[in-house]
1. Residue 117 - would you say it is surrounded by 23 or more Cβ atoms within 10 Å (Cβ to Cβ) and modelled with pLDDT of 95 or more?
2. Among the residues of the stretch 270-300, count how many are assigned to a loop (DSSP other than H, G, I, E, B) and surrounded by 15 or more Cβ atoms within 10 Å (Cβ to Cβ).
3. Report, ordered by the first and then the second residue, all pairs with beta carbons closer than 6 Å, sequence separation of six or more or different chains, a first member in the stretch 86-98 that is assigned to a helix (DSSP H, G or I), and a second member that is modelled with pLDDT under 95 and within 13 Å of the ligand (Cβ to nearest atom).
4. Need pairs with beta-carbon distance below 6 Å; first residue more than 20 Å from residue 272 (Cβ to Cβ) and within the stretch 229-249, second assigned to a loop (DSSP other than H, G, I, E, B) and modelled with pLDDT of 95 or more; sequence gap 6+ or separate chains.
5. Contact list please: Cβ distance under 7 Å, first residue in the stretch 254-282 and over 15 Å from residue 190 (Cα atoms), second residue assigned to a loop (DSSP other than H, G, I, E, B), pairs at least six apart or on different chains.
6. Considering 239, 220, 244, which residue is more than 11 Å from residue 177 (Cβ to Cβ) and in a loop (DSSP other than H, G, I, E, B)?
7. What is the number of the single condition among (1) over 24 Å from residue 30 (Cβ atoms); (2) within 19 Å of the chain's Cα centre (by Cα); (3) surrounded by fewer than 19 Cβ atoms within 10 Å (Cβ to Cβ); (4) free of Cβ contacts under 8 Å to residues at least 60 places away in the same chain that residue 63 does not meet?
8. Among what's in the stretch 42-61 and is at pLDDT 80 or above and more than 16 Å from the ligand (Cβ to nearest atom), pick the residue that is nearest to residue 73 (Cα to Cα).
Ligand code: ADP
């Protein structure tokens, strides 16, 4: 069955945060694509203009490490977003016990993630929902960030579906303290959690509620001191916590290099104003020291 006279629908790829995702063939180009059908729910008047304007901006966000939004159109009351088709995602790679990730492979995945982030942050677009299953991997091994900006357009996904609890594990402390105004630092914190997950091969900070998530963060990094993070006390949900000392990252990540741990700790800085930016992270010596990052085409992948 054709959608909008152009896309031949194939099988369902999965149920996502915003609705069903289909595999399809673009008859105009012959390319395989993924179509995300977004339920517009309450907005009975159809796609609102703000959303359409924002989507137009996303279409212009072209970078090798950002998934390309090929087309966007309303159809039968749903909004359809057409993306390039991707073979797998980073969560699948991390979970696959048959895949060995070398230090060079980890460096490559982190570098591609930060490149995508730095590009978007330069254009003042935040991702806001970074997690390993949003980092898609193409047949050529390139990692591309998916769902960029969608959280802002369609509302915070975790409020919509309960299966979205995993996003909590990647949430920055300022968000957990209820910050309403936040910046690119939230994506850098999430990228740090993903870096840690690549090293550990399991999610690093697995909180089972927002409060517990803060507790998990404090248990590792210690309770933040006001000297470390001056604006913390002004955040809406800030409460004083009982003192907890910090642990050494060296003990938690015995296999990581000194350069890797130095970068990791700079990405895990409490004060979002002092946290390293995606661009600065790319310039960190971790990326210029040996081993060089694995070329995308040589990265290990699931069968
Ligand atoms: P979530 O919102 O839970 O992150 P998504 O809506 O992004 O999920 O995706 C739902 C399913 O569709 C997932 O199984 C994902 O792997 C698949 N999918 C999403 N985008 C693509 C794509 N561009 N190419 C291939 N599969 C995709």
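The values are calculated or read from the model by the stated rules, or taken from the named source; none is laboratory data. Every value quoted in this text rests on a predicted model; they were computed, and no experiment measured them. Glycine gets a Cβ as well: all are built from the backbone with ideal geometry, and neighbour counts include every protein chain shown.
1. Values: surrounded by 23 or more Cβ atoms within 10 Å (Cβ to Cβ): yes; modelled with pLDDT of 95 or more: yes.
Yes: the conditions hold for residue 117.
2. Qualifying residue count, the stretch 270-300: 10.
3. From residues that are assigned to a helix (DSSP H, G or I), the pairs are 91/133; 92/302.
4. Between residues of the stretch 229-249 that are more than 20 Å from residue 272 (Cβ to Cβ) and residues that are assigned to a loop (DSSP other than H, G, I, E, B) and modelled with pLDDT of 95 or more, the close pairs are 243/223; 244/222; 244/223; 245/222.
5. Once the first residue is over 15 Å from residue 190 (Cα atoms) and sits in the stretch 254-282, its partners that are assigned to a loop (DSSP other than H, G, I, E, B) give 259/289; 261/253.
6. Working: 239 fails: more than 11 Å from residue 177 (Cβ to Cβ); 220 fails: in a loop (DSSP other than H, G, I, E, B).
Just a single option satisfies the conditions, and that option is 244.
7. Here residue 63 meets the rest and fails (1).
8. Among those residues, the one meeting the criterion is 56.
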